[in-house]
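**Q** Got a structure here, written out as structure tokens. Questions coming.
The values are calculated or read from the model by the stated rules, or taken from the named source; none is laboratory data. Please read these numbers as outputs of a predicted model, since none were measured by experiment. When we count neighbours, we look across all protein chains shown, and the Cβ atoms used for this are built from the backbone with ideal geometry, even at glycine.
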Amino acid sequence: MPTDSLFQPLAQAGASANATVAVTLNGQPLQVPVASSVAAALLAAGVKRFRNSPVSGDGRAPYCMMGVCFECLLEIDGVPNRQGCLVPLEAGMAIRTQDGMRDLLAEARNPALALAQAVEAPHGV
Ligand code: FES
């Protein structure tokens, strides 16, 4: 099944159109366009696989870009299961793709992590 992204960047005007920030993705340096969220920046940089499906192992990528589908889960700065579409992009972020589903047991063992994720997902999922 083709996995080409349907997200296309809008044309931007001005000096900020080509502005980038440095992050790492799976330990490799990556320049990404300045964007409002981590997911938007990675998509604009051409990243097509954010995580793997726990059922089929197929690559998954952002779908809704508004915190509903959870297809954008990433490990960001050592914190797993963060919704890339809800996390503001910052220079120097260490981003890793994820395999499988959320580790709910890890979240239960770390209340601070669960709280941080609850703040990112205001609908309480
Ligand atoms: S893209 Fe759907 S929750 Fe992030």
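**Q** Out of the residues in region 23-73 that are more than 10 Å from the chain's Cα centre (by Cα) and on the phi > 0 side of the Ramachandran plot, state the one that is surrounded by the most Cβ atoms within 10 Å (Cβ to Cβ).
**A** 67
**Q** May I ask you to verify whether residue 33 is in contact with a helix residue (DSSP H, G or I) (Cβ under 6 Å, 6 or more places away or on another chain), free of Cβ contacts under 8 Å to residues at least 40 places away in the same chain, more than 15 Å from residue 99 (Cα to Cα) and not aliphatic (A, V, I, L, M)?
**A** yes
**Q** With (1) outside any loop (DSSP other than H, G, I, E, B); (2) surrounded by 12 or more Cβ atoms within 10 Å (Cβ to Cβ) as the list, and residue 105 as the residue in question, which single condition is left unmet?
**A** (2)
**Q** Which one is modelled with the lowest pLDDT among residues in region 92-125 that are under 14 Å from the mean Cα position of the chain (by Cα) and within 21 Å of residue 29 (Cα to Cα)?
**A** The qualifying residue modelled with the lowest pLDDT is 99.
**Q** Also, quick follow-up: When you scan region 36-62, how many residues do you find that are polar (S, T, N, Q) and either touching a helix residue (DSSP H, G or I) at 6+ places or on another chain (Cβ under 9 Å) or over 17 Å from residue 90 (Cα atoms) (or both)?
**A** So the answer is 3.
**Q** Considering every residue within region 67-77, establish whether at least one is in contact with a Ser or Thr (Cβ under 6 Å, 6 or more places away or on another chain) and at pLDDT 90 or above.
**A** The answer is no; no qualifying residue exists.
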